[in-house]
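> Please see the structure below; I have some questions.
Just so it is clear, none of the values below were taken in a lab; they were calculated from the coordinates. What you see is a predicted model; the values in this text were computed from it and never measured. No Cβ is skipped: glycine too gets one built from the backbone with ideal geometry, and neighbour counts run over all protein chains shown.
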Amino acid sequence: MTTINLHLQQVKERTTESMEEMWVNMGPQHPSTHGVLRLLLKLDGEVVRECIPYLGYMHRCHEKIGENRAYVQIIPYTDRLDYLASMYNNWAYCLACERLMEISIPARAEYLRVIIGELQRIASHLIWLGTFGLDLGNFTLFMWCFREREMILDLFEAVSGQRINYSFMRIGGLALDVPEGWLADVKAFLAWFTPRLSEYDRLSTDNIIWQKRIQGVGILKPEDAISYACSGPMLRGSGIRWDLRRDDPYGIYDRFEFDIPVGPNGDVWDRFWVRRQEMEQSVKIVEQGLKAIPPGPVLAPVAKKLRAPVGDIYSRVESPRGELGHYIVADGSERPYRYKVRAPTFVNLSALPVMLPGYMVADAVAILGSVDIVLCEVDR
Amino acid sequence: MVSAGALEQFYALFEAWGIPWIVPRLAIMLGVVSIIIGFISVSAMFLIWWERKISAHIQARFGPMRVGGWHGWAQSIADGLKLLLKEDIIPTRADRPVFILAPIVVFAASLATYVVIPFGPGLIVQDLNIGILYIIAISSLTVVGIIMAGWGSNNKYAALGALRSAAQAVSYEVPLVISLLGPLLLVGSLRMTDIVEYQGGTWLGILPGWLIVVQPLAFLIYFTCAVAETNRLPFDIPEAESELVSGFHVEYSGMRFAIFFLAEYANMFVVCAIATTVFLGGWQGPLLAPWVWFLLKTYFLLFVMIWLRWTLARVRVDQLMHVAWKVLLPLAFVNLGITGLLVLVLSPMG
């Protein structure tokens, strides 16, 4: 508490607080902070003048734990980073290890990773769209998005036995091959899902209240987005066509054709629209993957006890929320010497104090929602 | 409800027994009030259950299914009992008398409006000759209770919610009243039964004689304002869950919260009942009993309100003000002006 009071004192010195302005504590138990984020907002009536985010309520020493585990043992911990896109975390971590240990994985595993990864992106964006609907007061959108997300979770349950924390990927491929008929199920899901997108549009995109609420709000200029190192839909919403799947291809993404949607204005609407279109692109990628997937093994022959050669690696992937990087320093033992995660939501969140001031409380909720934070990943 | 003659006989009976005149009158008043409270409670509980079912079906779920058997019909009763039995919590820093009074004020204001709602011919507690004016005046008292709740809670979120509510209620009352003036000009009376009886005939021999036929714009303005008056989505910014947690009643729990909840649904019924009375011909309708028609029309409007709530997003506070002052108010004035002109031109000189 004392550090916070000290900080408040400094803020008070910097800005002369008049009678009309008041500090409001938003979170960590607020319904719209998506977890345990705490924002101190200085309000002038309804208008936000200043915003100070406080993090760390979910800190659980992910990186330090990683330094005391064997390489394979870290995989279950990565599930708990961004728990809305666990498959992608698994992938990102395994990819870093594979690059470090120079393991190449079978073609079928590569294709399955892309299919599963893109399904995970859809699931993650669905959660985002649903909770963003909640932020704007549309509860029905939330339920509809969760309906389709459940189907993706069913698909993931079929392959991994888990619905949230999959731990499905392994260094060198996948834990198991997918069950018989699973690829046909994916196809059936895509056929069901594509028309649902226009159903969501009827509740959100086409609705004038929805448009008026988020257009021209929370503008993040391209230069700000770059200087704050934003990535993912945050960066693309500000008009910068940067997607690691295309600009720094990993896996077999160079074999797929897809567009990278960008928004011209950098407002909440653009970030919303980028994510909305990315779902369509993910459907396209999965369809291509389903057509081209070869038979074969899914796990490369790797040693039981993995030892990485001395060296370090920074490996990054385009997670649903942006650039998810894993930095591993290896000293030749069974455990990483240093293990660091570059969490996209943590970096994206740092741009929040730039976007908030001057908008109203209701906009603050929409802007925070458009950042798409997952506090488990922010705090690690 | 009871004809005046029967009442006089009832009073005379008591006087014959030597009981002071005030006693039977108080007894009648108490009876009427308990009937109204009973009706409000049952109707609000039904509405809550109904809203949960409608919203569930809009959202591809079932809603309450367990309590009471068929489609969880007893869910609201169970919830009410639970709220009754909960601990009564008053925050230490709260302004106790204001905090305790606030839900009572809100509920009393919505209770009082039921006095002049015409459920059917003769089915009206007191047919005041200023009926509609009375409703408008009394229902604006709700906002006093809301401000008391926001202030008394000593909570910033509650205060923000109360301030929003005050701004909203004041803004939306203006176009609401002016939109009602159009139909009232045609009727020429503020008495609720007169308004209903005016709509008895037909327009051009085919359309029902309802005022919505000649005053569609007024109806739209009224209904929009009514949604805002009752703090419902898309105008629910005083209790915006995702912004203010739940606005002015954030510190309330147990029965006090239940009373706020009850008052909200009671208010919804009132605004829809006024819309039915003024625009949809009140109890008028073929075949069915008048009160059935009245409830059918009112519940249809309530359904529209629930439907809106579960499919729209919330507007922002400045957009809310913009709609009230720059869109609805000018439109209401245009409607009133045209209506006044037509009444002047078409009515026989004399």
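> Please list, or write none, the aspartates and glutamates whose alpha carbon is within less than 17 Å of the alpha carbon of B:K326, excluding same-chain residues fewer than 8 places away.
Counting by Cα, and skipping residues close in sequence, B:K326 has these aspartates and glutamates nearby: B:E173, B:D318.
> Moving on. Provide a whole-number value for the mean count of partner chain Cβ atoms within 10 Å of the Cβ atoms in peptide B:153-159.
Numbers: counts 0, 0, 0, 6, 5, 0, 2.
Neighbouring Cβ atoms belonging to other protein chains average 2 per residue here.
> With unit charges on the beta carbons (Lys and Arg positive, Asp and Glu negative) and the dipole taken about the Cα centre of segment B:1-74, which residue among B:I28, B:L47, B:Q9 sits farthest to the positive side?
Of the listed residues, the answer is B:L47.
> Still on this structure, I have one more. Quantify how much of the Cα-Cα distance distribution of the protein assembly as shown extends past 53 Å, in percent.
Working: 62559 of 266085 pairs.
Value for the protein assembly as shown: 24 percent of Cα pairs lie more than 53 Å apart.
> With the cut-off at 1.5 for a/c, could you classify segment A:152-240 from its C-alpha gyration tensor as rounded, prolate or oblate? If you can, show how the numbers build up before the last one.
Values: a/c = 3.46, a/b = 1.55, b/c = 2.24.
Oblate, because a/c is 1.5 or more while a/b does not exceed b/c.
> Per residue, what volume in Å³ does the Cα convex hull of chain A take up?
Values: hull volume 51.8 nm³, N = 380.
For chain A, the hull spanned by Cα atoms encloses 136 Å³ per residue.
> What size of dipole, in debye to the nearest 20, comes out for the protein assembly as shown about its Cα centre when the only charges are +1 on Lys and Arg C-beta atoms and -1 on Asp and Glu C-beta atoms? Working shown, then result.
Details: 62 positive and 67 negative charges, 207 e Å.
Dipole magnitude for the protein assembly as shown comes out near 1000 debye.
> Would you please name the trypsin sites (Lys or Arg not before Pro) within segment A:33-94 that are DSSP coil residues with at most 12 other C-beta atoms within 10 Å of their C-beta? Provide the component values of the computation, followed by the final result.
Numbers: sites: A:R38, A:K42, A:R49, A:R60, A:K64, A:R69, A:R80; in loops: A:R60, A:R69, A:R80.
Those satisfying the criteria are A:R60.
> Using Cα centres only, tell me the gap between segment B:297-323 and segment B:1-70 in whole Å.
28
> Using a 10 Å cut-off around each Cβ of peptide A:360-372, what is the average number of partner chain Cβ atoms that fall inside? Walk me through the numbers before you get to the answer.
Values: counts 5, 9, 13, 3, 1, 5, 4, 0, 1, 1, 0, 0, 0.
Partner Cβ neighbours, averaged per residue: 3.
> Please identify the helices of chain A, taking whole runs of DSSP H, that span at least 27 Å along their own axis as judged from the Cα atoms and have a mean Kyte-Doolittle score of -0.5 or higher. Display every interim value, and only then the final one.
Working: long enough: A:107-135 (42 Å, 0.48); A:139-160 (31 Å, 0.64); A:182-203 (31 Å, 0.04); A:268-292 (36 Å, -0.69).
Answer set is A:107-135, A:139-160, A:182-203.
> At 222 nm, what value in deg cm²/dmol follows for chain B if DSSP H runs of at least 4 each add -39500 (n - 2.57) and the sum is divided by all its residues, to the nearest 500? Write down the numbers at each step before the final one.
On the way: 15 runs with 232 residues, N = 350.
Dividing the helical sum by the residues of chain B leaves -22000 deg cm²/dmol.
> Right, next: Over all residues in B:313-323, what is the mean tally of Cβ atoms on other chains that come within 10 Å of each residue's Cβ? Before the final figure, lay out the partial values.
Details: counts 21, 9, 7, 13, 5, 5, 5, 1, 0, 1, 0.
Taking the mean over all residues of the peptide, I get 6.
> Tell me which of A:P320, A:S370, A:W182 sits at the most positive position along the dipole axis of segment A:62-379, charges placed on C-beta atoms (Lys, Arg +1; Asp, Glu -1).
The listed residue farthest towards the positive side: A:W182.
> Follow-up question, since we're still on this one. Starting from the Cα coordinates of segment B:86-340, work out the convex hull volume and express it per residue in Å³.
Cα convex hull per residue, to the nearest whole number: 125 Å³.
> With n ≥ 4 as the cut-off for DSSP H runs, can you work out [θ] at 222 nm for chain A, using -39500 (n - 2.57) per run divided by the number of residues, rounded to the nearest 500? Don't skip to the end; give the middle numbers.
Values: 16 runs with 186 residues, N = 380.
Helix-only estimate at 222 nm: -15000 deg cm²/dmol.
> In the protein assembly as shown, what percentage of the DSSP-assigned beta bridges are antiparallel, given to the nearest 5?
Values: 34 of 34 bridges.
Percent antiparallel among DSSP bridges in the protein assembly as shown is about 100.
> Now a separate question. Would you mind pulling out the separation of the Cα centroids of segment A:275-327 and segment A:121-177, in Å?
If we compute the Cα centre of each part, the gap is 17 Å.
> Take the alpha carbon gyration tensor of segment A:324-380, find the square roots of its eigenvalues, order them as a ≥ b ≥ c, and report rounded if a/c is under 1.5; if not, report prolate when a/b exceeds b/c, else oblate.
Details: a/c = 5.44, a/b = 3.79, b/c = 1.44.
It is prolate, given that a/c is not under 1.5 and a/b is the larger ratio.
> Taking 8 Å as the Cα distance limit and 6 or more residues as the minimum spacing, I'd like the relative contact order of chain B as a percentage. If you can, show how the numbers build up before the last one.
Numbers: 488 pairs, mean separation 72.8, N = 350.
Computed value for chain B: 21 percent relative contact order.
> Determine the dipole magnitude for chain B: charges of +1 sit on the beta-carbon of Lys and Arg, -1 on that of Asp and Glu, nothing else is charged, the reference point is the Cα centre, and the result goes in debye to the nearest 20.
Numbers: 19 positive and 19 negative charges, 144 e Å.
Once rounded to the nearest 20, the dipole reads 700 debye.
> Using only the alpha carbons, work out the radius of gyration and Dmax of segment B:219-346 in angstrom.
17.4, 57
> Let me check against my output: what whole-number percent is the relative contact order of chain A, with C-alpha pairs under 8 Å and at least 6 apart?
Details: 703 pairs, mean separation 98.1, N = 380.
This gives 26 percent for chain A.
> Listed here are the pairs B:K86/B:K297; A:K284/A:K305; A:K64/A:K305; B:K53/B:K86; A:K42/A:K212; A:K42/A:K340; which of them are more than 28 Å apart at the Cα? Present the calculation step by step, with values, prior to reporting the outcome.
On the way: B:K86/B:K297 36 Å; A:K284/A:K305 38 Å; A:K64/A:K305 21 Å; B:K53/B:K86 25 Å; A:K42/A:K212 24 Å; A:K42/A:K340 34 Å.
Beyond 28 Å between Cα atoms: B:K86/B:K297; A:K284/A:K305; A:K42/A:K340.
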